[in-house]
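Here's the structure, in structure tokens; my notes come after.
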Amino acid sequence: MNVMRTIFEKGTPTGRAKMFAVGLVSTLVLMLGVATIVTLDPRSEPALAEPGDAVRASANGGQQRLVGEVFNRTELYFGSDKPGPDVTRSQFNGFVDDEVTPRFPDGLTQLTGYGQFRGSSGKIVQEKSFVLILLYPTDDKRANGEIQDLRKEYKSDFKQESVLRVDSRERVSF
């Protein structure tokens, strides 16, 4: 400790400048070491693309293999609040069994949520909702019509103002 105090003359302006320079150099060396560790970690290297693979450029300039195929993803949000008693889980499951599964027999995901929206009257409605996630091939020509029919039937059967639909494209692998 006395050696450090003597070398940097801690209380003088020159000593403080030397201490700052040593701190700056130490920080840079540490940062360089961390960067080297990250770039040398084999887990951070992208998989090499093979001929015919879908690829995208990675952050470090290489190529990264994309897994799976591009599918359409549709999320449907079915509200449960209605005049009289709310839509029950049992009623919704019946709707899924009778209406959704025959149209999308390959599978779906069902979630339960709680959300809110502003109705046409301007009133905020808070309610439990049932969420369905459908994944289907992009060339499925019948899916859009089937989804629109499901929305229409649910609104009619359960006295709903709307059924929210969210569409996107996703890369999926089964």
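Does any residue of the range 67-84 turn out to be part of a strand (DSSP E or B) and over 20 Å from SER168 (Cβ atoms)? The answer is yes, given that some residue of the range 67-84 is part of a strand (DSSP E or B) and over 20 Å from SER168 (Cβ atoms). For the structure I just gave you, tell me whether THR112 is at pLDDT 95 or above and either buried (at least 17 other Cβ atoms within 10 Å of the Cβ) or within 23 Å of GLN126 (Cα to Cα) (or both). Yes: the conditions hold for THR112. Considering only residues of the range 75-95 that are within 28 Å of the chain's Cα centre (by Cα) and either among the aromatic types (Phe, Trp, Tyr) or buried (at least 17 other Cβ atoms within 10 Å of the Cβ) (or both), which is modelled with the lowest pLDDT? Selected residue: ASP81. Within the range 144-168, residues that are over 18 Å from LEU134 (Cα atoms) reach partners that are charged (D, E, K, R) and surrounded by 13 or more Cβ atoms within 10 Å (Cβ to Cβ) with beta carbons closer than 6 Å, at six or more positions or on different chains, in the pairs PHE158/LYS82; LYS159/LYS82. Only residues that are within 22 Å of the chain's Cα centre (by Cα) and surrounded by 14 or more Cβ atoms within 10 Å (Cβ to Cβ) were counted in the range 118-158, giving 9. So, VAL125, is that one touching a residue at least 40 places away in the same chain (Cβ under 8 Å), within 17 Å of VAL163 (Cβ to Cβ) and aliphatic (A, V, I, L, M) or not? For VAL125, the condition - touching a residue at least 40 places away in the same chain (Cβ under 8 Å), within 17 Å of VAL163 (Cβ to Cβ) and aliphatic (A, V, I, L, M) - is met.
Conditions tested, residue by residue: (1) among the acidic types (Asp, Glu); (2) in contact with an Asp or Glu (Cβ under 8 Å, 6 or more places away or on another chain); (3) more than 19 Å from ASP167 (Cα to Cα).
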site	(1), (2), (3)
GLY62	no, yes, yes
GLN91	no, no, yes
ASP97	yes, no, yes
PRO102	no, no, yes
GLY119	no, yes, yes
LEU132	no, yes, no
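Considering PRO105, PRO51, the condition of being exposed (fewer than 11 other Cβ atoms within 10 Å of the Cβ), more than 17 Å from GLU153 (Cα to Cα) and modelled with pLDDT of 95 or more is satisfied by PRO105 alone.
Residues that are of a type in the set (S, T, N, Q) and assigned to a loop (DSSP other than H, G, I, E, B) do not occur anywhere in the range 92-115.
The values are calculated or read from the model by the stated rules, or taken from the named source; none is laboratory data. Not measured: the values here are computed from a predicted model. Ideal geometry is used to build each Cβ from the backbone, glycine not excepted, and the neighbour counts take in all protein chains shown.
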